[in-house]
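The values are calculated or read from the model by the stated rules, or taken from the named source; none is laboratory data. All of these numbers come straight from a predicted model, not from anything done at the bench. Reconstructed Cβ throughout: ideal geometry from the backbone, glycine too, with neighbour counts over all protein chains shown.
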Amino acid sequence: MSLRGAAVRVGGRTLWSGVDLEVGAGEFAAVLGPNGVGKSTLIKVALGLLPITAGEVRVLGEAPGRAGHRIGYLPQRRNVDPSLRIRGIDVVRMGLDGDRWGVPLPLPVRFSARRRAARDRIAEVIDLVGASAYAHRPIGECSGGQQQRLLIAQALVRGPELLLLDEPLDSLDLSHQGAVAALIGRICREEGVSVVMVAHDVNPILPWLDQVLYLAEGGAAAGPPREVITTETLSRLYGTPVEVLRTGHGRLVVVGGGHRAAGGGGHGHHPELG
Amino acid sequence: MVTTLSLADTYPAWSWNPVTDLRAMWAFPFMVNAFRAGTIVAVLAGVIGWYMVVRRQSFAGHTLAQVSFPGAACATLLGITPVVGYFAFCVGAALVIAAIPRAGQGGSGQEAALTGTVQAFGLACGFLFVTLYKGFLGGINSLLFGSFLGITTTQVTVLAAVAAVTLTTLAVIARPLLFASADPDVAAVRGVPVRVLSVTFLVLLGTATAATSQITGTLLVFALLVMPAATAQQLTARPAAGLAVSVLIGLVVTWTGLIAAYYSPYPIGFYVTTFAFGMYVLARLTRLLAQALARRAPAPARLSGGAA
Amino acid sequence: MSVFRAFDHPYFTHALLAGTGIAAAAGLVGYFLVLRAQVFTGDALGHVAFTGALAALALGYDLRLGLFVATVVFAVLIGALGRRGRSDDVAIGSVFAWILGLGAFFLTLYSTRGAAHGTAGVNVLFGSIFGLSAGQARTAALVAAAICAVVALLARPLLFASVDEAVAAARGVPVRTLGLVFLVLVGACAAEATQAVGSLLLLGLLAAPAGAAHRLTARPHHALALSAGLAVAEMWAGLGLSYAAPRLPPSFAILAVATAVYLATLLTVRPRRDHTVTSEEERDDVPTPSRL
């Protein structure tokens, strides 16, 4: 996936412009930045749901929206109705053939090679995300972390070349954040899937990151995390002094230095006092 | 219960002289009773309805109203006066709703399926009672769509007594109830008995629904219970003013509905819903217009308007 | 055997033919209504069906014309406004109460004009399935078969769009169009069901078998088939019951059976695990201990 000088306008307001990002095969990129800066919009642009107003976007070598079947997409936290009586495995299955017309014929599995392949593939991804124990339970009864794993399995089931994840760690507690982040990092490394993840907090995914795109009102910066999440770059992006601190455990903490930045509440990174 | 308009072909003429018209109308005791009952119900429904809309329980009101139909039909079948059936079934249903947490809110998916099924079954039971009570099939329409004929003086007395008790109870709990409706968590911390209040209110709502059903019919209680209150909320956000406007609209709608129904062959339920809905639409349009004007206005005007 | 003699009566076979089709369609559509939390759209369309039917009668057209035009037009309108029928929405509730009031107006208009039709309103409100003619029953069954076929065709993408709208849209499922087509199906189904159990009771026919099916299985395609099967079985049982005990009106018998089945599933089938177990299990699947 690549963006060159891309800009987007939503409701007459330019959200971001001059964004350059190059995510190669099997790379893990994070999109960071304060709230309301258009991180999720970037995902929508990549899916071809929103047009860009300037620059160029290529997704898997094609125009956005043309490669939909090669992309796995996980939207921002979906509220699964607790009374929803559909099994996790069925939700995963929708990722495989949910867009085909008609009902599946109730033939026994052994008469159809395609159905056997589908069954095996679903079992495989569910195993990959470690959800086998609860995949046969109604998804509404699963916990937030379990649901997130099943939804990741759904995004993976067609063997996508690119995963677009919108805040997949949001609303998970700290230990689950670590586990799900590790799962995504492992999928990225072992399966060679490119990952673009919108994140609120960089720390859980920091060990796996190859690239960071930092969006702020003042512009955008892309590159390896070590180069982007620095006091100088972020101060430039926010247009006000910002300090990046590194804790003893290697975690990053962004602290608003100036009065305006602190009062404006424009921080994507809440101080992680781990 | 008297059901069909026996004077179907000769409707009294409207003379455009309000004094003569009212005098002609009130020469009939049933019209006097209808006006008395309508006035009582309009006040009761206006007040309870305002609280109901604030508490977002209009769906509970809808459910209770649907229960009033089998109630009245069952009472008729057993040979008791329908008033007893209305109140017994509505208050009983209110207690059931209060006993099941989260019932009566509609909810989503499964819960909605359950409430929908129970409602439909209730109506089906009403239909069964009506068919079992032979020769009553025509009366079904007045149960469902309201009738102002045949309201007895006893019925008016019962309505007045019920309304007095209901409104007195509401007056006692009015302030904590408003607090508990607006912000249940904070109210609970302050020591307001939120749960007790909510059960009490549901019972009050049951009596108000039962009373309203007798005028507008089971299917059209929204006309007096919800629409005046919703209109009032469009017009003002202040509780006292809102209650007053709600009652006022209820009275206007009921009186004009009664007059229109007296002078024409169409059921009162139709007129009451139409007038109430018309006022609601007008209020919404007025508010939209006011907002549009405020937006058009120059900046200083907007600042002073939006200072709150 | 008196049960078999029922088939000698043409009215019973007509009712059985129409009822089977209508129940199957209601079961299929109802499953998605419950899944999409749109049950109250069904309720609203019931109100519209009443007014549409009586408006057609009052203006001198066939009742079914009014039914289908009113429900389908309103379904499109609801879809175009893009709001899910929330049960507690005062505005929507008021609109539909007014429509019902309008229905009462048309009812009076009709009964004062065409003297002999005092029961027309009751028939529309509570159904008159034993009064269907052969032609009416055949039409009802054909329309119901068409509804079933369309639902079967749409089932998989509709399921995807209902459960996971954003992902389905990203995958190229025409989510909005599907939602609209589905509402039209609900409208057509409401018009059909009005002929069987009446506009006031059709909500039960849509909701009860579907609710029971949701309760009985968490496999979506099984539940879909089960919902239709339950609806048909309940329809047959209701018709049989009403035939055996003529004092019971058929629509009451059908609704009574449907409600009983639904309540039985609610009381007997419990969700397998409760939440405390879930959260305990979840602890186990965290590979690394918390860093805190």
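Worth a mention:
- The combined condition, being surrounded by 18 or more Cβ atoms within 10 Å (Cβ to Cβ), over 20 Å from the mean Cα position of the chain (by Cα), at pLDDT 85 or above and within 14 Å of another protein chain (Cβ to nearest Cβ), is fulfilled by residue C:106.
- Subset of the stretch C:181-221 (residues that are within 10 Å of the chain's Cα centre (by Cα), closer than 12 Å to residue C:50 by Cα and within 7 Å of another protein chain (Cβ to nearest Cβ)): C:201
- Put simply, of C:191, C:208 the only residue that is more than 18 Å from residue C:259 (Cα to Cα), buried (at least 24 other Cβ atoms within 10 Å of the Cβ) and in contact (Cβ under 8 Å) with a residue 12 or more places away in the chain is C:191.
- Hey, residue A:64 part of a loop (DSSP other than H, G, I, E, B), within 21 Å of residue A:158 (Cα to Cα) and more than 10 Å from chain C (Cβ to nearest Cβ) or not: yes
- Each residue in the stretch C:146-175 was checked for being surrounded by fewer than 19 Cβ atoms within 10 Å (Cβ to Cβ) and in contact (Cβ under 8 Å) with a residue 60 or more places away in the chain, and 1 pass.
- Qualifying residue in the stretch C:181-194 (condition: assigned to a helix (DSSP H, G or I) and farther than 30 Å from residue C:121 by Cα): no
- In the condition set (1) outside any helix (DSSP H, G or I); (2) more than 11 Å from the chain's Cα centre (by Cα); (3) not basic (Lys, Arg), residue A:175 is compliant with all but (1).
- Given (1) crowded, with 23+ Cβ neighbours inside 10 Å; (2) touching a residue at least 12 places away in the same chain (Cβ under 8 Å), number of the condition residue A:53 does not satisfy: (1)
- Among the residues of the stretch A:83-113, the ones that are among the charged types (D, E, K, R), assigned to a helix (DSSP H, G or I) and either within 26 Å of residue C:148 (Cα to Cα) or not assigned by TED's automatic domain parsing to the domain that holds residue A:158 (or both) come to 3 in all.
- Tally of residues being acidic (Asp, Glu) and in contact with a His (Cβ under 9 Å, 6 or more places away or on another chain) across the stretch A:162-216: 3
- Residues satisfying the stated conditions in the stretch A:137-150, i.e. more than 8 Å from chain C (Cβ to nearest Cβ) and in contact (Cβ under 8 Å) with a residue 40 or more places away in the chain: A:139, A:140, A:147, A:150
- Pairs with Cβ under 7 Å, 6+ apart, first in the stretch B:25-42 and surrounded by fewer than 17 Cβ atoms within 10 Å (Cβ to Cβ), second among the β-branched types (Val, Ile, Thr): B:26/B:32; B:30/B:151
- Per-region count, the stretch C:226-239, residues surrounded by fewer than 23 Cβ atoms within 10 Å (Cβ to Cβ) and in contact with a Leu (Cβ under 9 Å, 6 or more places away or on another chain): 2
- Filtered residue count, the stretch B:40-57, keeping only those that are in contact with a Leu (Cβ under 9 Å, 6 or more places away or on another chain) and either of a type in the set (D, E, K, R) or more than 14 Å from every other protein chain (Cβ to nearest Cβ) (or both): 9
- Filter pass, residue B:95 being in a helix (DSSP H, G or I), buried (at least 21 other Cβ atoms within 10 Å of the Cβ) and modelled with pLDDT of 85 or more: no
- Spans of helices (runs of 4 or more DSSP H) in the stretch B:1-83 with at least 2 residues at pLDDT 85 or above and of a type outside the set (A, V, I, L, M, F, W, C): B:29-54, B:58-78
- Test: residue C:194 is of a type in the set (Ser, Thr, Tyr) and within 29 Å of residue C:268 (Cα to Cα): no
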